[in-house]
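Report on the structure given below.
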Amino acid sequence: MKHNPLAVALKGPRHCLNLKNPVMTASGTFGYGLEFQNYGDLASLGGIVVKGLSLQPRPGNPTPRVAETPCGMLNAVGLQNDGVESFVKEKLPLLPWKDVPVVANIYASSAEEFGELAARLNGVPGVAALEVNISCPNVHAGGSLFGQDPGQAAAVTAAVRAGAPDKLLIVKLTPNVTSIADIARSVEDAGADAVSCINTLLGMAVDLRTRRPRLANVVGGLSGPCIKPVALRCVWQTARAVKIPVIGVGGIACAEDVLEFVLVGASAVEVGTASFMRPDAAFRIVQDLPRAMEAFGVQSLDELRGQIKA
């Protein structure tokens, strides 16, 4: 069988997920995947990470929820979704999950709820992996984010691991911390097979004419090309701190960006805000990746991974 130079194996201590290429989609930017099927072949992607799922449907935050910023955007959508049951019964059967791995991003307000949600998805064959959003407030800890404390991050990871022992487990890390490496090590020790980083940075935009915030929620998550330097730094630090695969997220808009993340240690990437600028962004990056590899003399991603001379 001919070797695929784009192939990636997300090999954790318990599970391995094989991708035909390293280009995945970022949760919250690609809907359930179905919304983008007119812009390219979903099966051509390395993986589809669907928008965040909760146990019960959520209406999300009041509008306005999105504001454009220089080289990026702010969002405070509020994790609007139809709930896990609707996804499993109505959305997942329509996705080409036999041809491309579908990753369910999940979030909850307590470790116990995370475990319950994971258990609901553990026996679903169309779900290849779970991505755990620990940038959520813990209602039992005064609203602090799970991802900002190693102990809380580990507790969520352990609960999801116990609820879904049959699924590859990815934990999505927040950059809004003092040491992302400490959080990464804590979730690795608690059972994560991989980590993805980064989630959005906390930001704010204001309107001088109205003297009001541009988001109804006042603050929101900053994403896009403007956060790429932060994401690269976080991936580099995380890849040096853990043995499990790291998935790079943040400001990826072209094939060269993918190679940069691989260079600092990423095994795969997730394309997010670029899909708002061009709905075909992820598909285009997959097509452009072989050209970029040839231009930079990269024979395979394995030979480039983590080879930054720092």
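The table that follows gives values for the structure above.
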quantity: Number of the condition not met by Asn38 [criteria: (1) part of a loop (DSSP other than H, G, I, E, B); (2) touching a helix residue (DSSP H, G or I) at 6+ places or on another chain (Cβ under 8 Å); (3) not hydrophobic (A, V, I, L, M, F, W, C)]; calculated: (2)
quantity: Answer residue from region 77-88, given it is of a type in the set (Gly, Ala, Ser) and modelled with pLDDT of 95 or more and is nearest to Gly126 (Cα to Cα) among those; calculated: Ser86
quantity: Test: residue in region 248-268 that is buried (at least 22 other Cβ atoms within 10 Å of the Cβ), outside any helix (DSSP H, G or I), in contact with a Pro (Cβ under 8 Å, 6 or more places away or on another chain) and among the β-branched types (Val, Ile, Thr); calculated: no
quantity: Test: residue in region 278-289 that is modelled with pLDDT of 95 or more, of a type in the set (A, V, I, L, M, F, W, C), under 17 Å from the mean Cα position of the chain (by Cα) and closer than 12 Å to Gly248 by Cβ; calculated: no
quantity: Residue satisfying all of: in region 216-244; small (Gly, Ala, Ser) and within 15 Å of Gly272 (Cα to Cα); surrounded by the fewest Cβ atoms within 10 Å (Cβ to Cβ) among these; calculated: Gly221
quantity: Members of region 219-241 that are out of contact with any strand residue (DSSP E or B) (no Cβ under 7 Å at 6 or more places or on another chain) and over 19 Å from Ala281 (Cβ atoms); calculated: Pro229, Arg233, Trp236, Gln237, Arg240, Ala241
quantity: Counted residues, region 81-104 - those being in a loop (DSSP other than H, G, I, E, B) and within 25 Å of Ala253 (Cβ to Cβ); calculated: 4
quantity: Qualifying residue in region 10-33 (condition: aliphatic (A, V, I, L, M) and over 16 Å from the mean Cα position of the chain (by Cα)); calculated: no
quantity: Members of region 39-57 that are more than 20 Å from the chain's Cα centre (by Cα) and more than 24 Å from Lys20 (Cβ to Cβ); calculated: Gln56, Pro57
quantity: Among (1) outside any loop (DSSP other than H, G, I, E, B); (2) in contact (Cβ under 8 Å) with a residue 60 or more places away in the chain; (3) within 24 Å of Ala190 (Cα to Cα), the one test that Met73 misses; calculated: (3)
quantity: Odd one out for Ala162, checked against (1) closer than 19 Å to Ser267 by Cα; (2) in contact (Cβ under 8 Å) with a residue 40 or more places away in the chain; (3) touching a helix residue (DSSP H, G or I) at 6+ places or on another chain (Cβ under 7 Å); (4) not charged (D, E, K, R); calculated: (1)
quantity: Residue match in region 11-25 (condition: closer than 24 Å to Pro225 by Cα and among the small types (Gly, Ala, Ser)); calculated: no
quantity: Sole exception among (1) farther than 18 Å from Ala282 by Cα; (2) modelled with pLDDT of 95 or more; (3) in contact with a Lys or Arg (Cβ under 7 Å, 6 or more places away or on another chain) for Asn4, by number; calculated: (2)
quantity: Options Gly83, Gly12, Gly60, Gly33; residue that is buried (at least 20 other Cβ atoms within 10 Å of the Cβ), of a type in the set (Gly, Ala, Ser) and within 26 Å of Ala274 (Cα to Cα); calculated: Gly33
quantity: Qualifying residue in region 163-175 (condition: assigned to a helix (DSSP H, G or I), at pLDDT 95 or above and crowded, with 24+ Cβ neighbours inside 10 Å); calculated: no
quantity: Counted residues, region 158-210 - those being touching a strand residue (DSSP E or B) at 6+ places or on another chain (Cβ under 7 Å) and over 20 Å from Val50 (Cβ atoms); calculated: 14
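The values are calculated or read from the model by the stated rules, or taken from the named source; none is laboratory data. All values derive from a computational prediction rather than experimental measurement. Glycine also receives a Cβ, built like all others from the backbone with ideal geometry; neighbour counts cover every protein chain displayed.
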